[in-house]
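The values are calculated or read from the model by the stated rules, or taken from the named source; none is laboratory data. Nothing here was measured: the structure is a model prediction, and the numbers come from that model. Cβ sites come from the backbone with ideal geometry, for glycine too, and all protein chains shown count toward neighbours. For the accessible areas, the whole protein counts, side chains as well, though only heavy atoms, and no ligand, DNA or RNA atoms are used. Shrake-Rupley method; radii C 1.70, N 1.55, O 1.52, S 1.80 Å.
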Amino acid sequence: MDNEYEWRVSVNAPKNFPATIYYAALGGVDVRRDGTINSGWGTSGSSSDGVKTLPKTLDIIWLSYIENQFYKGNFELDQEKIKAIFDEGFKDNYGEDIVTYHDFSFVINVAPGGTVALFMKGLGNFQLEVGFFKAEKTDIKWKDFVPMGLQDREKYVKGRLERNMNKDSLAYYKTNGIPFKRWGNYREYFNFKTIMPVDYKVAYLAYNCFNGERFYGENRAYHINETYNSLPIPKKITLNWLEEDNDEYIYGVVLKLKESEYTKMSTFFKNNSNKAAFYIEPYIPVNVREIRLFLKSDTEKIEIEVLPYEVKRKLIKK
């Protein structure tokens, strides 16, 4: 546990749920914090770096603007789990070679209700959750929080919300309440893989999941898409594929699944023994420009709505 490991640490918050960190330290290493954070769940921010021992604790205090509430947490980390990920490392391309890397960034995310998640992020599309916690409400003297700033707390918070939240989202959450359970609910795992019609071959596949984790399904280093794997539901599927009878061109698309589809997908998995496939169907067979996304079990399938996308077709260099 006392060996040296290369790691960095940053902090962030979900979009439309802005926060400011008052204090944060991972394993005694101060976390760099700059103003308001709300770039997205699972997303990193400005980071500290250096060679360090494995962190044992996470200490954090922050202000959730949408609640006008401070939270405080002091958490013990699972060092064995963290060490195992460091030691195994992650694979990625380095020129023509496959190289195993052992340096990571820790990503701390905070959300309304006191939710705190800790991820370990490698290069590219590799990110695993290594801690999920619940902080408690606390309070900080306002003069300590903004010693040189506006001393009217309500006015200060209102200004931060107006500058960092979509107006429609702010109005919606004021009317309908804050979804405190959202980030915990997204941590469900189901067995799935991604398939296409038989005349197409998946060449590259990556998942960015609703819970903040990221996985490679298929590339030169990883081939987990060959079977069903227990994974959280993806919010983004990045895919490249080849036509079986035409190896001169490769197609690519990034599918962003609508968040409103999450419950439908979760229910479908549960109704099908927690096992299904994401079925990507090109429905203009020549020079594919449009596709459809389904969840498919042995007995049924449902279509999943996605945000606007572009299918790209590239000539493969011989």
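Of note:
- LYS121 being closer than 26 Å to TRP62 by Cα and out of contact with any strand residue (DSSP E or B) (no Cβ under 6 Å at 6 or more places or on another chain): no
- Taking segment 37-56 as the range and being under 19 Å from GLU129 (Cβ atoms) and either part of a helix (DSSP H, G or I) or under 22 Å from the mean Cα position of the chain (by Cα) (or both) as the test, the residues that pass are ILE37, SER39, GLY40, TRP41, GLY42, THR43, SER44, GLY45, SER47, PRO55.
- Filtering segment 153-185 to residues that are in contact (Cβ under 8 Å) with a residue 60 or more places away in the chain and acidic (Asp, Glu) leaves only GLU154.
- Scan of segment 236-295 for residues that are of a type in the set (Gly, Ala, Ser), open to solvent by 40 Å² or more (accessible area, probe 1.4 Å) and farther than 18 Å from PHE210 by Cβ, ordered by number: SER273
- Any hit, segment 126-139, residues being open to solvent by 30 Å² or more (accessible area, probe 1.4 Å), among the charged types (D, E, K, R), in a strand (DSSP E or B) and in contact with a helix residue (DSSP H, G or I) (Cβ under 6 Å, 6 or more places away or on another chain): yes
- Of the strands (runs of 3 or more DSSP E) lying entirely inside segment 256-317, those carrying at least 1 residues that are at pLDDT 95 or above and hydroxyl-bearing (Ser, Thr, Tyr) are 275-282.
- Residue, most open to solvent (accessible area, probe 1.4 Å), within segment 151-185, restricted to residues that are over 19 Å from ILE37 (Cβ atoms) and not in a helix (DSSP H, G or I): LYS181
- Checking each residue in segment 188-202 for being open to solvent by less than 90 Å² (accessible area, probe 1.4 Å) and charged (D, E, K, R) picks out GLU188, LYS193, ASP199.
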